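Worksheet for the structure shown next.
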Protein chains: 2
Amino acid sequence: MDDQTDQTRKPRADAVRNRERVLEAAKLVFNAGGSEASLEAVAKRAGVGIGTLYRHFPTREALFEAVYRREVEQLSELAEQLKNAKDPVEALRRWLRSGVEFVATKKGMMAALALAVQSGSELHAFSFERLTKAIGSLLDRAVAAGEMRADINPEDLLRAFFGMCYVHDQPGWQATALRLLDVFVDGLRVQAAMKARPRAIAKPGKKVAKQKR
Amino acid sequence: MDDQTDQTRKPRADAVRNRERVLEAAKLVFNAGGSEASLEAVAKRAGVGIGTLYRHFPTREALFEAVYRREVEQLSELAEQLKNAKDPVEALRRWLRSGVEFVATKKGMMAALALAVQSGSELHAFSFERLTKAIGSLLDRAVAAGEMRADINPEDLLRAFFGMCYVHDQPGWQATALRLLDVFVDGLRVQAAMKARPRAIAKPGKKVAKQKR
DNA sequence: TGTTAAGCGGAGGCCGCCTCCGTATCTTCG
DNA sequence: CGAAGATACGGAGGCGGCCTCCGCTTAACA
């Protein structure tokens, strides 16, 4: 009555219910069994036929995206909050660390991030845009404050973050990821870059111009 | 006559030949089609049965390792050479950049590296040890010269490297990887870390102690 | 309650992984 | 050289996952 702009039928109750069931099952299965769990297993767990699963989520990726949408949104909102922090570099660091925790908690999260990062899959739009924007806002502030080098774009950072978390099923991966991210953030500071290679920073327009952004 | 310590039979000629054929075919197929090409395709290209392939290389990983052994060795030797360079930090940077080129040239190289990095697969020994040692030697020199922070171990660096290259089939990945690696190396410098978070460096024994190394 | 279209589900085709074993081929030794 | 025995070959076949397709079911609407 309220959100039906067209004179379309009301969606069938069983369809809605099944969609929800599949999502729930997928969440359980992915978080437990990692990202390459079989979709048949998800369907079985949801108590629906494999055909139903595929109708609601035509691709594996679509299912991932749906399952981890909420998490991506949370990360995005966290960035929003951190924008008000005093130290912009520290804010970015904090966000990245939170990202590590997210990955640690939800085993399937990496698959969702992979989706966002790899951009091959046509409809990676949602997560990519959300996360890129989140990072971008933190990055911009740090750059504007003159605390960070300007030749790294949000996509780069997202990819680096993903890369550092890549080994997320190694024993000590979490500590490793945090250490690596610290190093990376340190490297992002303007002072670091200037000390290391003064010329690289001196003419910032040159190297950057060649990228797509 | 020379390399047979036991009184074992001479290996059969056809076996040797087939092994070589499979390796050759695998190289072609992996470099072209990426890392998840079907092993049946490799067998067909080599003109051998699938059974033969599996006898020589019981797992997909074993085949990867065999195919990219030479490349890993080259990278390792490059590190050896770079040890004589003047600036140890620059030497490390150079090595990492060379790594990117390797990945760019041989498409299947990433799979071999994944194998080395992930340590799950029992026999990842060779590549892992080789690359870890290579990085370690470069790292140690830089640390000894007081130019780099001491709380990053070779495994960490290898993983970071791998992570930065992860998106190796994106359009502009190479430039991205190089940029990210630059940032990372800058972050490794002692000055960067001290400027950023003086206390983290002041007592180096604390945080590091908890790792396995 | 009847009509109708949206939705269900699983059989089945395809493909890749991997094993197993009957057959072919090579090495060795007399 | 020829026979015997060891070694390797190769592909059929079982398994399991991916995905599609279509006859049947069932909810929505009048």
Filtered residue count, segment A:26-62, keeping only those that are away from DNA strand C (no atom under 14 Å from the Cβ) and either part of a helix (DSSP H, G or I) or closer than 24 Å to A:Asp169 by Cα (or both): 14
Would you confirm whether or not segment B:79-90 contains a residue that is within 12 Å of chain A (Cβ to nearest Cβ) and out of contact with any Lys or Arg (no Cβ under 7 Å at 6 or more places or on another chain)? yes
Only one of (1) farther than 30 Å from B:Val29 by Cβ; (2) without any contact (Cβ under 8 Å) to a residue 40 or more places away in the chain; (3) of a type in the set (Ser, Thr, Tyr) fails for B:Ser137. Which number is that? (2)
Only one of B:Phe161, B:Phe128 that is outside the structural domain of B:Gly34 (by TED's automatic domain parsing) and without any contact (Cβ under 8 Å) to a residue 40 or more places away in the chain: B:Phe128
The lone exception for B:Pro11 - which of (1) within 12 Å of DNA strand D (Cβ to nearest atom); (2) of a type outside the set (D, E, K, R); (3) in contact (Cβ under 8 Å) with a residue 12 or more places away in the chain it fails: (3)
Among the numbered criteria (1) modelled with pLDDT of 95 or more; (2) over 15 Å from the mean Cα position of the chain (by Cα), which one does B:Leu75 miss? (2)
Assuming B:Arg19 fulfils every condition listed in (1) free of Cβ contacts under 8 Å to residues at least 24 places away in the same chain; (2) surrounded by 11 or more Cβ atoms within 10 Å (Cβ to Cβ) apart from one, which condition is it? (1)
Restricted to segment A:161-181, and to residues that are in a loop (DSSP other than H, G, I, E, B) and at the interface with chain B (Cβ under 9 Å from one of its Cβ atoms), which residue is farthest from B:Thr176 (Cα to Cα)? A:Pro171
Can you tell me which condition B:Thr105 does not meet? The list is (1) at pLDDT 95 or above; (2) among the β-branched types (Val, Ile, Thr); (3) assigned by TED's automatic domain parsing to the domain that holds B:Val183, and all the others hold. (1)
Of all residues making up segment A:36-56, the number that are within 8 Å of DNA strand D (Cβ to nearest atom), more than 22 Å from A:Leu115 (Cβ to Cβ) and polar (S, T, N, Q): 0
If we ask which residues in segment B:130-160 are more than 8 Å from chain A (Cβ to nearest Cβ) and in contact with a Ser or Thr (Cβ under 8 Å, 6 or more places away or on another chain), their number turns out to be 6
Taking the stated definitions as given, is A:Leu92 under 23 Å from B:Val167 (Cβ atoms) and within 16 Å of DNA strand D (Cβ to nearest atom)? no
Total residues in segment A:61-80, condition buried (at least 18 other Cβ atoms within 10 Å of the Cβ) and within 16 Å of DNA strand D (Cβ to nearest atom): 6
Return a yes/no flag: does segment A:104-125 have any residue that is closer than 20 Å to B:Phe161 by Cα and without any contact (Cβ under 8 Å) to a residue 40 or more places away in the chain. yes
Which condition breaks for B:Gly108 when tested against (1) over 14 Å from A:Val183 (Cβ atoms); (2) within 13 Å of chain A (Cβ to nearest Cβ)? (2)
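Yes/no matrix, rows are residues, columns are (1) outside any helix (DSSP H, G or I); (2) of a type in the set (A, V, I, L, M); (3) closer than 23 Å to B:Trp173 by Cα:
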{"residue": "B:Lys86", "(1), (2), (3)": "yes, no, no"}
{"residue": "B:Leu96", "(1), (2), (3)": "no, yes, yes"}
{"residue": "B:Phe102", "(1), (2), (3)": "no, no, yes"}
{"residue": "B:Leu113", "(1), (2), (3)": "no, yes, yes"}
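The values are calculated or read from the model by the stated rules, or taken from the named source; none is laboratory data. Remember, predicted model here, so these are calculated numbers, not experimental data. Counting neighbours? That spans all protein chains shown, and the Cβs are built from the backbone with ideal geometry, glycine included.
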